[in-house]
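The values are calculated or read from the model by the stated rules, or taken from the named source; none is laboratory data. Quick caveat, the model's predicted, so the values are computed rather than measured. Here Cβ is always computed from backbone atoms with ideal geometry, including for glycine, and neighbour counts include all displayed protein chains. Note: areas computed on protein heavy atoms with side chains; ligands, DNA, RNA excluded. Shrake-Rupley method; radii C 1.70, N 1.55, O 1.52, S 1.80 Å.
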Amino acid sequence: MIEVERLSKLYEMGGQKVSALAGVDFTIKKGEFVAIMGPSGSGKSTLMNLLGCLDLPSSGIYRLENLNIQDLKPNQLAEVRNRRIGFVFQSFNLLPRASALENTELPLLYGRVPNATEIALKALERVGLAHRAKHKPTELSGGERQRVAIARALVNSPAIILADEPTGNLDSTTGREIMSLFNELNREAVTLILVTHEQEVAQQAKRIIQMRDGKIVTDELNGVEPC
Amino acid sequence: MLIWVLFKMALRSLVTHKLRTFLTALGIIIGVASVISMISIGEGARSQTQDTISKFGTNIITVKPGQQKSRHVTTGKVDTLTLDDAEYIKVNIPLITGVAAQVYRSAQIKFENKNTNTTVRGTGASYARLANFEMDLGRYFNSEEIKSAKRICILGSTALKNLFGDINPLGKTIKVNGKNFLVIGTTVPKGALSWFDPDDQIFIPVTTAQKRVFGMNHVQSIDVQAGKIEDLEIVIEEITRLLRQKHNILEGKEDDFYVQNSAQFLRSWGESAKTFTYLLGGIAAISLMVGGIGIMNIMLVSVTERTREIGIRKALGAKKREILEQFLIESVLISFLGGGIGILLGIGISRFVSNIGGWETIVSSQSIILSFGFSVAIGIFFGFYPANKAANLNPIEALRYE
């Protein structure tokens with residue numbers, strides 16, 4: 001599903017080249033639940049942006065469902081983001097003036113999918129928020145907002161869901177609820193990639209990749225299988 | 001489908017910021033309203049002048065004695081034209097449909113114990129037709145009565161009112177400069193113009209006026225009616241040629257008469273009125289332009305404010321074009337709204353001006369279409385730069401924006 005070979009990213013800062021990602025290799029199969037860990041500056045955000053097709057690598061290969069992402073043009077990247085990737089952000093990133101339902105519908109509208117409202121409602125149902133469909137984000141609690149964001153990420157049945165510190169802005173109880181929702185989705189064969197620096201959160205994943213200075217330090221299966 | 005969604009989003013964003021939307025649209029509102037009201041005032045002035053002038057008849061050429069030095073100053077001898085000249089023109093130019101020589105002077109007229117000062121105009125039989133006078137009561141005099149210099153008269157409506165009030169004047173005798181005249185008709189009112197009242201005069205046969213009232217042999221003007229407007233130039237040339245020949249004017253010498261034509265006057269007036277309209281419209285267009293810059297300004301602020309939203313949309317798969325469209329729709333909506341309100345306001349202002357100021361105003365559909373189209377074009381033009389800026393934002397940076 002995901003094949004990454006010698007992927008690297010260079011940034012130019014004040015005339016100096018900074019290597020944010022220095023050639024990483026890994027593959028992720030369908031249905032996996034991977035946590036990417038590392039201190040700030042380790043390159044995990046850069047990797048996340050590349051995996052999310054928000055940015056292009058300086059060199060290397062990124063293959064997503066047999067698509068060579070590094071060769072795509074901006075509009076094709078937008079299409080890949082729309083159809084194959086679901087994002088869950090630390091700060092939810094919902095449109096403040098749109099209802100939960102409208103927020104969930106948005107990827108479908110950009111993808112020109114018919115029956116958008118119906119599909120979006122089902123996605124909200126899946127995260128247990130069908131009854132809050134007409135509410136604006138400001139009328140929802142943090143946990144509910146993140147559920148809406150997850151519904152939005154799910155709505156296009158993407159190949160992978162990328163979650164960037166999804167529990168970072170939540171209290172620990174709500175955080176655990178969100179994590180168990182992720183686990184549930186994973187059991188339904190949704191591929192999940194999670195960026196976090198919280199050990200407790202990472203322990204929920206089946207595989208943990210540790211990063212430091214733009215490189216992968218360890219990549220091992222997590223022994224504790226959630227039941 | 002998507003365009004409808006984008007439209008709804010744009011509308012929602014405008015409704016959320018009602019005051020800001022209104023203030024942004026205000027520039028366009030003022031611009032469009034001033035374009036429409038200014039053009040309507042200009043057009044109204046033009047049509048009013050045209051109406052006024054056409055009351056005299058547009059295919060009328062007036063020949064006057066002497067020389068016209070500048071616009072309205074006449075110099076030279078004033079007794080160079082005679083009834084013979086009028087007859088000569090009438091007989092020798094086939095393109096004309098009427099000739100009327102005139103003498104006129106202000107005189108006192110009297111009926112019983114009432115008297116008033118009015119213009120006494122001695123004319124030929126075809127004058128009523130040439131000058132667009134219609135008969136109300138009675139009839140105009142004929143060529144027989146002119147030949148025999150009868151003492152008969154026709155009253156203009158103002159003169160009639162001043163002298164008779166509500167009494168039927170037909171068959172009554174009035175005194176003009178102390179001489180008796182029989183009233184045989186009255187004319188339908190033409191309506192006063194700003195500088196003179198064509199109804200405040202009486203008409204008598206030109207011969208009677210020359211011999212019995214004013215004691216003169218010349219005429220003060222000869223009105224010539226061309227059959228067709230297109231023939232005006234030829235007729236003017238012919239008149240000039242014939243009169244020079246009849247007056248024995250040698251080549252190189254100046255004419256002892258001059259020719260005026262209301263169509264020329266009309267044309268030059270029309271030109272200056274048009275210039276006036278363009279000038280007003282131009283000033284109004286500048287304010288429309290300023291309104292457009294206002295839109296751009298606000299849209300730029302809006303793009304900066306919504307950087308994060310743009311980032312979210314891009315992450316969810318919005319293409320560059322779709323972001324561009326969303327913001328363009330917004331600015332076009334503002335100008336659309338401004339244009340609509342501006343049109344209503346413009347129509348209101350021109351109504352107000354014609355009600356209060358008494359000016360004629362004409363709101364043409366052309367000016368509405370023009371200003372509306374222009375304002376939408378401004379929305380697109382000035383909305384494009386901010387929308388393009390939004391569309392080109394880097395999604396990663398936009399998502400990080402606080």
Scan of region B:285-312 for residues that are over 30 Å from B:S34 (Cα atoms), open to solvent by 10 Å² or more (accessible area, probe 1.4 Å) and either in contact with a Phe, Trp or Tyr (Cβ under 7 Å, 6 or more places away or on another chain) or within 14 Å of another protein chain (Cβ to nearest Cβ) (or both), ordered by number: B:E305, B:R306, B:T307, B:R308, B:E309
Out of (1) within 24 Å of A:T117 (Cβ to Cβ); (2) at pLDDT below 90; (3) surrounded by 17 or more Cβ atoms within 10 Å (Cβ to Cβ), the odd one out for A:E188 is which? (3)
Can you tell me which residue among B:A318, B:A398, B:A391 is within 14 Å of chain A (Cβ to nearest Cβ), open to solvent by less than 10 Å² (accessible area, probe 1.4 Å) and free of Cβ contacts under 8 Å to residues at least 24 places away in the same chain? B:A318
When you check A:S58 against the structure, is it out of contact with any Pro (no Cβ under 8 Å at 6 or more places or on another chain), within 21 Å of A:D219 (Cβ to Cβ) and in contact (Cβ under 8 Å) with a residue 12 or more places away in the chain, yes or no? no
When you check B:I310 against the structure, is it β-branched (V, I, T), in contact with a helix residue (DSSP H, G or I) (Cβ under 9 Å, 6 or more places away or on another chain) and under 19 Å from B:V376 (Cα atoms), yes or no? no
A:T218 fails exactly one of the following numbered conditions: (1) open to solvent by 10 Å² or more (accessible area, probe 1.4 Å); (2) within 29 Å of A:S99 (Cβ to Cβ); (3) among the β-branched types (V, I, T). What is the number of that condition? (2)
Listing of strands (runs of 3 or more DSSP E) fully contained in region B:119-203 that carry 1 or more residues being within 21 Å of B:Q225 (Cβ to Cβ): B:135-138, B:152-155, B:179-187
Counting only residues that are touching a Phe, Trp or Tyr at 6+ places or on another chain (Cβ under 9 Å) and either open to solvent by less than 30 Å² (accessible area, probe 1.4 Å) or modelled with pLDDT under 90 (or both), region B:141-161 contains a total of 6
What's the number of the condition B:I341 fails, among (1) part of a helix (DSSP H, G or I); (2) crowded, with 20+ Cβ neighbours inside 10 Å? (2)
Every residue from region A:29-55 that is out of contact with any Pro (no Cβ under 9 Å at 6 or more places or on another chain) and of a type in the set (A, V, I, L, M): A:V34, A:A35, A:I36, A:M37, A:L47, A:M48, A:L51
Of B:E230, B:E237, B:E251, which residue is at pLDDT 80 or above and part of a helix (DSSP H, G or I)? B:E237
Find all pairs meeting these conditions: Cβ atoms under 7 angstrom apart; at least six residues apart or on different chains; first residue within region B:1-25 and within 11 Å of another protein chain (Cβ to nearest Cβ); second residue open to solvent by 100 Å² or more (accessible area, probe 1.4 Å) and not basic (K, R). none
Residues of region B:363-388 classified as open to solvent by less than 60 Å² (accessible area, probe 1.4 Å) and touching a residue at least 40 places away in the same chain (Cβ under 8 Å), total: 15
Taking region A:17-57 on its own, how many of its residues are assigned to a strand (DSSP E or B), touching a helix residue (DSSP H, G or I) at 6+ places or on another chain (Cβ under 6 Å) and aliphatic (A, V, I, L, M)? 5
What are the residue pairs meeting all of these: first residue in region A:35-52, first residue on the phi > 0 side of the Ramachandran plot, second residue open to solvent by less than 10 Å² (accessible area, probe 1.4 Å) and in a loop (DSSP other than H, G, I, E, B), Cβ atoms under 6 Å, and 6 or more apart or on different chains? A:G43/A:G214
For region A:62-112, how many residues are at the interface with chain B (Cβ under 8 Å from one of its Cβ atoms) and in contact (Cβ under 8 Å) with a residue 60 or more places away in the chain? 4
Is one or more of the residues making up region B:370-379 farther than 26 Å from B:L19 by Cα, assigned to a helix (DSSP H, G or I), modelled with pLDDT under 90 and of a type in the set (S, T, N, Q)? no
Please work out which residue is surrounded by the fewest Cβ atoms within 10 Å (Cβ to Cβ), limiting yourself to region A:105-134 and to residues that are farther than 19 Å from A:F87 by Cα and small (G, A, S). A:A130
Cβ-Cβ under 8 Å, sequence separation 6+ or interchain: first residue in region B:225-241 and surrounded by fewer than 18 Cβ atoms within 10 Å (Cβ to Cβ), partner part of a helix (DSSP H, G or I). Which pairs? B:I229/B:A263
